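Okay, so here's the structure we're looking at.
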Amino acid sequence: MRSSNPVFSRRGFSRDNGYAGFNTAPQAGYAQGNPYAQNPYAQNPYAQNPYAQGDVQHGAPPQAPATTDRMTMDDVVVRSALTLGTVAVGAVLAWALLPVSGTSYGLAVGAALIAFVLAMVQSFKRTPSPALILGYAAFEGVFLGVFSEMFNSRWSGAPFQAVLGTMAVSGATLLVYKAGWIRVTARYARIGIAIAIAFMVVMAINLLLVAFGVAEDGGLRSFGPLGALVGIIAILLGAFFLTLDFKQIEDGIAYGAPRNESWLAAFGLTMTLVWIYVEMLRLVAIFSSND
């Protein structure tokens with residue numbers, strides 16, 4: 001499944017690449033409750049036929065070919081650390097070198113636009129480009145550095161609290177996912193993405209109303225109770241996208257995705273974590289304003 005919006009795009013492990021996707025119907029002879037239980041021999045070029053080697057008598061599940069060119073969890077961890085590290089370095093440098101001013105705000109907006117364009121280009125590409133992904137991370141870091149410094153100048157300590165909140169949300173989401181309390185099915189993904197798209201449409205309309213003076217004080221994104229509710233919804237959507245990221249990483253490893261696909265996994269995780277951090281920063285500021 002692909003989307004032109006980099007926030008919603010989770011194309012790393014989609015049917016475009018020949019393995020696990022959310023739009024694939026269950027095949028006859030497989031578990032009907034699991035949309036990922038496809039015929040791995042007919043539709044997945046990376047899956048290995050268990051009857052070629054393995055436990056034929058007990059029907060061992062298909063295994064990825066034993067080759068160093070296949071994605072592993074270590075690959076995902078290393079590339080995610082590299083991508084997130086680039087974001088962090090860009091943010092620290094922007095915070096240290098760009099004082100809070102109108103010029104800094106202009107640079108931050110420009111960096112955000114460049115990051116968005118790079119993310120869009122990568123989303124449309126069939127193969128991952130480390131240069132595009134790291135470029136996105138660097139410019140996103142510049143934006144986050146100025147954005148965080150702006151919030152810190154008014155609500156001291158807000159960025160640090162937002163980082164802790166982002167870590168807490170990510171850790172809790174991973175915990176409930178690994179515990180099996182959340183099952184990422186096709187229906188789960190469709191409903192969640194429909195809600196996310198509706199949320200983005202409402203936010204776009206709200207932005208237009210604020211720009212034309214119809215809505216005051218930010219409208220739905222105000223620093224009041226309504227803004228806090230919207231922020232909580234946005235963070236929950238970020239947690240939803242994390243579950244999609246986790247599932248796609250598992251599927252990519254299980255089905256023997258090429259090693260370079262780990263860059264797409266890192267790309268998706270980085271976008272989701274940036275989303276959660278920004279919303280968490282706003283939420284911390286709202287609660288601090290009401291003290």
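Just so you know, all these numbers are worked out from the coordinates, no wet-lab data involved. Keep in mind that this is a model prediction, so the values were computed, not measured. Note that we place each Cβ from the backbone using ideal geometry, even for glycine, and neighbour counts take in every protein chain shown.
Considering the options Leu244, Ala186, Gly157, tell which one lies farthest towards the positive end of the dipole of region 136-279, charges being +1 on Lys and Arg and -1 on Asp and Glu at the Cβ, about the Cα centre.
Ala186
Packing-wise, with mean Cβ within 10 Å as the measure, how do 142-152, 79-89 rank, highest first? Don't jump to the answer; show the numbers that get you there.
Details: 142-152: 23.0, 79-89: 18.6.
Put in order of decreasing packing, that is 142-152, 79-89.
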